[in-house]
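Only one structure is covered here, and it is reproduced in the block below.
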Amino acid sequence: MVRTLRISHPAFSGAKSAETIRFYTELLGMEIVLRQDNLDYPSEEHLFFHVGSDNFIAYFVPKDEANATYEQARSGSGWMDHLALDVDAAELAPALERLRAAGVEVDGPIDRGYERSIYFKDPNGVTVELLAWITPPPAGIPQAEIIKRAQRLREQRGASFIEDEDVRAAIAELQSVRA
């Protein structure tokens with residue numbers, strides 16, 4: 001059995017190099033930490049964006065956009081639906097304003113029970129979600145533990161989805177177990 005540590009990066013193909021770089025660096029504030037030829041396809045460039053906490057997004061884009069024949073990304077069965085990125089709650093509203101000011105169509109904020117989300121498309125048609133937990137996970141308690149415990153509490157309540165009350169109760173239980 002393989003013990004995975006984390007997702008290193010999703011790797012996307014896109015057709016719009018300059019727009020992709022501007023979108024992820026200027027609008028979403030990510031840093032490009034790697035920019036080089038795609039080692040498998042020399043006609044493409046490999047872009048590696050740092051999302052935070054040693055998580056990354058990779059993009060393979062053509063060096064010659066004028067002759068690129070890439071399809072736009074599509075959501076739905078058999079395709080990746082969206083890329084979700086955690087942000088601090090204080091960052092959600094300014095991100096929404098910045099995206100709208102740049103002419104990006106944004107859906108949300110949408111109530112997701114224990115988090116709030118906004119959705120938009122990047123220049124290559126990939127749907128991106130920025131989400132903020134209502135009650136942020138405290139340092140030292142992994143999100144997976146909180147979600148797992150909140151899921152149990154949700155089931156005990158007979159509810160259809162996790163609410164912030166479940167997250168707060170899960171955090172309190174986990175903190176008391178660790179104390």
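With respect to the conditions (1) out of contact with any Asp or Glu (no Cβ under 6 Å at 6 or more places or on another chain); (2) surrounded by fewer than 17 Cβ atoms within 10 Å (Cβ to Cβ), F56 falls short on a single one, namely (2).
Take the conditions more than 28 Å from R35 (Cα to Cα) and assigned by TED's automatic domain parsing to the domain that holds A18 and apply them to E97. Does it pass? When the stated conditions are applied, E97 passes them.
If we keep just the residues of the stretch 154-179 that are in contact (Cβ under 8 Å) with a residue 24 or more places away in the chain and surrounded by fewer than 18 Cβ atoms within 10 Å (Cβ to Cβ), which is farthest from P109 (Cα to Cα)?
Filtering the stretch 154-179 down to residues in contact (Cβ under 8 Å) with a residue 24 or more places away in the chain leaves 161-164, 166-168, 170-171, 173-175, 178.
If we keep only those that are surrounded by fewer than 18 Cβ atoms within 10 Å (Cβ to Cβ) as well, we get 161, 164, 168, 173, 175, 178.
On the way: F161: 18, D164: 16, R168: 21, E173: 29, Q175: 30, R178: 34 Å.
Applying the filter and picking the extreme gives R178.
In the stretch 124-153, the residues that are touching a residue at least 40 places away in the same chain (Cβ under 8 Å) form Cβ pairs under 7 Å with partners that are among the aromatic types (F, W, Y), at six or more places apart or across chains, as follows: N124/F12; V126/F12; T127/Y119; V128/F120; E129/Y119; W133/Y114; I134/Y114.
Filtering the stretch 53-82 to residues that are within 21 Å of H9 (Cα to Cα) and of a type in the set (A, V, I, L, M) leaves I57, A58, V61, A73, M80. Of all residues in the stretch 17-50, those being assigned to a helix (DSSP H, G or I), of a type in the set (A, V, I, L, M), free of Cβ contacts under 8 Å to residues at least 60 places away in the same chain and surrounded by 15 or more Cβ atoms within 10 Å (Cβ to Cβ) number 1. Being outside the structural domain of L83 (by TED's automatic domain parsing) and either out of contact with any helix residue (DSSP H, G or I) (no Cβ under 8 Å at 6 or more places or on another chain) or under 18 Å from A89 (Cα atoms) (or both) is a property that I171 has.
Say we look at the stretch 1-26 and pick out the residues that are polar (S, T, N, Q) and modelled with pLDDT under 90; which of these is nearest to V51 (Cα to Cα)? Talk me through it step by step, then tell me what you get.
Filtering the stretch 1-26 for residues polar (S, T, N, Q) gives 4, 8, 13, 17, 20, 25.
From what's left, modelled with pLDDT under 90: 4, 8, 13.
Working: T4: 19, S8: 11, S13: 17 Å.
Among those that are polar (S, T, N, Q) and modelled with pLDDT under 90, it is S8.
The values are calculated or read from the model by the stated rules, or taken from the named source; none is laboratory data. None of these values were measured; they are calculated from a predicted model. Virtual Cβ from ideal backbone geometry, glycine too; neighbours counted across all protein chains shown.
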